[in-house]
Amino acid sequence: MTEFLSDEMVLNMGPHHPSTHGVLRFILQTDGEMMRRAIPDVGFLHRGIEKIAELLPYQAFMPYTDRIDYLASICCNFGYALTVERLAQIEVPEKAEYLRVISAELTRIGSHFVGLGALLLDLGAVTPFVHALREREVYNDLMESLCGARLTHNYVRIGGVSYDEPPGFREKTRRFIDHIEYEFLDEFNELASFNTIFINRMKNVGVITAEDAIEHSLVGPNLRGSGVKHDIRKNDPYSIYNRFNFDIPVGHGKFGTMGDCYDRYWVRVEEVMESCRIIRQALELMPETGPVRTKLPRVFKPPKGEIYVRTECPRGEMGFYLISDGGKNPYRLKIRTGSFSAAAMIGEVSQGVMVADLVTIIGSFDVVAPEIDR
Amino acid sequence: MTNAAAQYFRNIKDAVRTTAKGMKITLKYWLREPAITIEYPDRLGEGRTADDIVQDRFRGFLRLDSSICIGCLQCMKTCPIDCILITTEKIGEERHLTRFDVDQSKCMYCGLCVEVCPTSAITFSKRFEGACYDIRELCISHIHQPAPVAKPKAKEKEG
Amino acid sequence: MHNLAEIIYQFLAGRFGQSALLEPVFTLAAYLIPCIVALSLVSVISGLLTYFERKVSADIQNRIGPNRVGPYGIFQFIADGVKLLMKEDIIPDAADRFLFRIAPYIVLSSTFLAVIVVPFGGPFIIADLDIGLIFIVVVSSLVVVGFLMSGWASNNKWALLGGIRSAAQMISYEIPAALSLLTVILITGTFSMQQIVMKQGPWPWDWFIFHNPFTFVAFFLFMISGLAEINRLPFDFPEAESELVSGYNTEYSGMRFGIFFLAEFANIFVSASITATVFLGGGNIGLDPYTSGIAPQLFMVLVFFAKVVPLCFVTIWVRWSLPRLRLDQMMSMCWKYFIPLSFSCLVLTALWLLAFNGNGVFWRISG
Amino acid sequence: MKISDLIALLKERLRDVIVGIEEMPNNDVMLEIKRHDLLPVLTTLKKDKELGFISFTNQLGVDYGDSFAVIYNLYSFALGNKLTVKVFLEKDNPEVDSVERLFRGANWFERETYDLLGIRFKGHGNLERLLLPSDWEGYPLRKDYVYPEEYHGMALKRKTLFEE
């Protein structure tokens, strides 16, 4: 009887809802516009990538890492290649390292553009989204000229990268990041980030304290948005990131409380600028010529052992726990992704907010459904 | 009290100012910026085809040069999703390729087969328009009648 | 009172002669003809507005927009209409079929009722009611009934939320909209739309927007609350596609959805024409709308549309520039900012009229 | 902190419970403990002022054939060190204490491990399948898992086009 008397309404948000960023489902318990709870229901995009890894040789798994986070496929390639290389102690040529860093940082820019744009789209601002995607199109062309694919790049190989830079790549990349840093972001901020309506929608919504963020295993921009200065590229440098000079942007309550949606958003905007800085330095330092790939035996068998390698992906730290039994397939590969803990966190922070705020919170975490489900 | 009143009017001012700024930008785009859309597929411009709008390294449909294929089956073995099927038969003295099918509906264009090919017999074309009415049309046979395999040169065999 | 119906009636009576038998036929024709003409005109205008909106948004976003049907894609809206007509009309099983069916017509008819008192310039007004402005305010709030109906009848929680949101929003924004219109009524002393047009002049300093500083503010207040009244971004809560899927029209398909769509764009036109009439002098070119010849009368129509089209553009432009507010922010914006401001505009205009003997800022120029 | 120092520190703090401790590649330490020690050890690791492994970065289950294992990856902001904690479980009764109360972020990780490997976590508030449908049979990441042919009448494998 109480069931009927309560004011609660159960709303089914997703899996095909416009603002759930892929196939993500939330079961909302609402009281009119106010929400009591949002229970995330994930798994619609579960493809069993970890099982596939056990069935495939080490090199053949590389294309599948593209599909972990399709918006930032190079970062996933990079993490996996790094894991295998560290386990098998493979040296990577100097030039390949630079190409990896440049492409990974370009991917970070491209991925953040989708994240920022999609958040704005969820808040009803269509034009900034299209403008962000317009710039992502330039990035897509750059990556296409580098490796031949626009979305699932599959560029990084164990022991190097698949292609050397095409002619004119440096010039085009430099022009792209100059445009992003000096022109596009200013305009984007004026159009969207500093708009009063946008700020009011974002500030003091979905506040996560630093302790909570650590407690819930948040990573990447979501963790930094809460004011924790932690970036794998700085704190546990991999590849050649220690050669570059860059800052870790953290949230500091730019307009509201520290750790609100606006901080998470703003951290991403600043990360785009930092990525531009890294790319600019890498383009300066990158050797003109040189090998880009170490030859591996056709049947590649890393030594027996276990290793956990973390890399900084656009959605936070991506960890690969690899167990090798000395065979030609991985024995077990666990992929820890940023969106996974972020999706769990959405349910926690969305208690007692409005339905419209849930959309903001989902967008501000920048979750990508395949990365949650893998 | 005065603080609150000042805040009240500052809110109005801020809202008007930032809205005006944003609208100025959109107005600028409306009046000035040209469209960047490529009118695929029928208005690509003079003499341009779909192949011209993709970059040189574009990973499109797989293409086989059967005259230099040595039938080593490396591409078939390395393919993560088994979308290549090759059979060879010994007809007379020589090995012949009797079948070289690529299931383009399954292919994920990862490029592992192209990288592994010792003679660059299998390469990417720039073709990407694969829409068809029957999925079986996407299973492309590259060999229609048995063709003798090329002799591997000694040097390439090592690599 | 002069209006189109009377002119037609007199024309018919003159042509066919007076008789008791024909009189009801004439009356019917006199009222039906302008209605049909105006309504089809408004339908075409709102169709063109959809084209306009798509083209403007495309330009803002570096796209091309509709470009395949007709020159520059101008007939895209006709193709869309035909497509919607041919679509299957799906009514959900659990829906309240009767309410579900009539809801779009209620929305559309309340929009078109408002067109009756819109002066298109010159004598072209279907009925110049004495209570014209009040009539518009009253009729436009009927839309809420349609939205609530469609939200409820769909038997879909998202649609219901959209319907409730629209009720909350439109009833709230009715107040600032009506109050800012009242500032002009203080000056004119009449509700008749034609009278309001005639009391202004052809030049900008004759318009009520520049009558005094408070009508200037009231103009913007009306513009913005008009946006809320017609559910346009940043106030498109009843639809809010990223929150409520598609709000009240989630379950609608085919031409029923098309009718909602048509009503939305007709609303833009109506809102713009009210603004143009009340604040920007409508089709006034300094001549009497009834006695001058047909050429000046048509020029009046041209002037009227020259004012309406930019206002429609502003509505569209705002939509493609701004994000959406949140429901509670929209409410607090209404009750904390719009209603106090419009009230003070009303009172201050009254004081202004008292202090300056009913004259505006530019009374010396405008005479 | 250097790896050797960390090993010494851990040996001092957790003298009685360590089954094995060794260096792992990539600057990591592998700490092996017994099943019933898991919760106290992780509590010490987290609460100890000097260690401060407050960040729960990863958790996974492994099927080693003759036994299961649960592996926890922790990170200490204070030390800047990673730590891998490993617990072996028996094949026939894979059950271990839940650390969900200790690290709130472990909630979904444990659900996922339960989902894919069938390792049960004692004391977990909501131990249900996370990724797979709730009526899915078997635990896919186990080595003896047999891939089903169909699910509710839907074929799970597409016939290859080569068979034509």
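Nothing in this text is a laboratory measurement; each read-out follows from the coordinates by a stated rule. This one's a predicted model, so the numbers in the text were calculated from it and none came from an experiment. Every residue, glycine as well, gets a Cβ built from its backbone with ideal geometry; the counts of neighbours run over all protein chains shown.
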query: What is the magnitude of the charge dipole of region D:3-155 about its Cα centre, with +1 placed on the Cβ of each Lys and Arg, -1 on the Cβ of each Asp and Glu, and no other charges, expressed in debye to the nearest 20?
result: 660
message: Set the bar at 30 Å for Cα to Cα. Now go through D:Lys11/D:Lys143; A:Lys328/D:Lys159; A:Lys229/D:Lys122; D:Lys82/D:Lys157 and name every pair that lies beyond it.
response: D:Lys11/D:Lys143; A:Lys229/D:Lys122; D:Lys82/D:Lys157
Gaussian network model of chain A, Cα within-10 Å springs - most flexible of A:Arg201, A:Arg277, A:Arg243: A:Arg243
statement: Non-local residues with an amide H under 5 Å from the amide H of D:Leu89, with H modelled 1.01 Å from N and Pro and chain starts lacking one, are D:Phe68, D:Ala69, D:Val70
Interchain or long-range residues, amide H under 5 Å from B:Thr88's placed H: B:Thr98
message: Between helix A:355-365 and chain A, what is the angle of the helix's C-alpha long axis to the longest principal axis, kept within 0 to 90° and rounded to the nearest 10?
response: 20
message: For a quick check of your reading of the filter: which GluC sites (Glu not before Pro) in region B:38-92 sit in a DSSP loop and have no more than 12 other Cβ atoms within 10 Å?
response: B:Glu46
- line: Note to self, chain C gives a 222 nm [θ] from helices alone (DSSP H runs n ≥ 4, -39500 (n - 2.57) apiece, / all residues, nearest 500) of -21500 deg cm²/dmol
task: Could you pull out every residue, at least 5 positions away or on a different chain, whose amide H is within less than 5 Å of the one on A:Leu56? Hs are placed 1.01 Å off N in the peptide plane, and Pro or chain starts have none.
output: none
- request: Determine the calculated [θ] at 222 nm for chain D from helices alone, applying -39500 (n - 2.57) to every DSSP H run no shorter than 4 residues and normalising by the residue count; nearest 500 deg cm²/dmol.
  value: -6000 deg cm²/dmol
field: Cα gyration tensor, chain C - rounded (a/c under 1.5), prolate or oblate
entry: oblate
field: On Cα atoms only, tilt of A:261-285 relative to the major axis of chain A in degrees
entry: 10
- request: Identify all aspartates and glutamates with a Cα-Cα distance to D:Lys49 below 15 Å; exclude those on the same chain that are fewer than 8 residues away in sequence.
  value: D:Glu12
Shape call, the protein assembly as shown: gyration tensor on alpha carbons, a/c limit 1.5: prolate
statement: Phi angles of region B:66-77, converted by Karplus (6.51 cos²θ - 1.76 cosθ + 1.60, θ = phi - 60°) into ³J(HN,Hα) in whole Hz with x for Gly and Pro, give 5, 6, 10, 6, 9, x, 7, 6, 4, 5, 5, 6
field: Charge dipole (debye, nearest 20) of chain C; +1 at Cβ of Lys and Arg, -1 at Cβ of Asp and Glu
entry: 560
query: Using θ = phi - 60° and the Karplus form 6.51 cos²θ - 1.76 cosθ + 1.60, what ³J(HN,Hα) does each residue of region B:29-45 get, whole Hz, x for Gly and Pro?
result: 5, 4, 7, 10, 5, x, 6, 9, 5, 8, 7, 5, x, 9, 10, 7, x
- request: Kyte-Doolittle cut-off 1.0, length cut-off 20 Å along the helix's own axis using Cα: show which whole DSSP H helices in chain C pass.
  value: C:23-60, C:97-115, C:157-188, C:213-229, C:254-279, C:294-319, C:339-355
query: What spacing in nm lies between the two simple spin-label points modelled at B:Ala150 and C:Leu21, each 7 Å away from Cα in the Cβ direction?
result: 9.9
query: Given C-alpha coordinates of region B:65-159, what is the ratio Rg to Rh with the Kirkwood estimate of Rh?
result: 0.98
statement: Between the residues A:Ala118, A:Pro237, A:Leu71, the Cα farthest towards the positive end of the dipole of chain A, that dipole coming from +1 and -1 charges on the beta-carbon of Lys, Arg, Asp and Glu, is from A:Pro237
field: Nearest-ten-degree value, helix A:73-88 long axis tilted from longest Cα axis of chain A
entry: 50
- prompt: Alpha carbon centre of region C:1-60 versus region A:82-160: separation in Å?
  reply: 59
task: With θ set to phi - 60°, apply the Karplus curve 6.51 cos²θ - 1.76 cosθ + 1.60 along region A:246-252 and write out the HN-Hα couplings as whole Hz, x wherever there is a Gly or Pro.
output: 8, 9, 9, x, 10, x, 9
- request: Grab the DSSP H runs of chain A that are 4 residues or longer, score each as -39,500 (n - 2.57), total them, divide by all residues and round the 222 nm result to the nearest 500 deg cm²/dmol.
  value: -14000 deg cm²/dmol
statement: Output for region A:271-370: chymotrypsin sites (Phe, Trp or Tyr not before Pro) sitting in coil per DSSP, at most 14 other Cβ within 10 Å, listed by number, reads none
field: Other protein chain Cβ atoms within 10 Å, averaged over every residue that makes up C:240-249
entry: 6
message: Sort A:278-287, C:118-127, A:49-58 by the packing proxy (mean of other Cβ within 10 Å over each peptide's residues), most packed first.
response: C:118-127, A:49-58, A:278-287
query: So for the protein assembly as shown, taking the charge dipole from beta-carbon charges (+1 Lys/Arg, -1 Asp/Glu), which of C:Val107, C:Ala272, A:Ile278 sits furthest toward the positive end?
result: A:Ile278
- line: From the Cα centre of region D:112-154 to that of region A:300-374, the distance in Å is 19
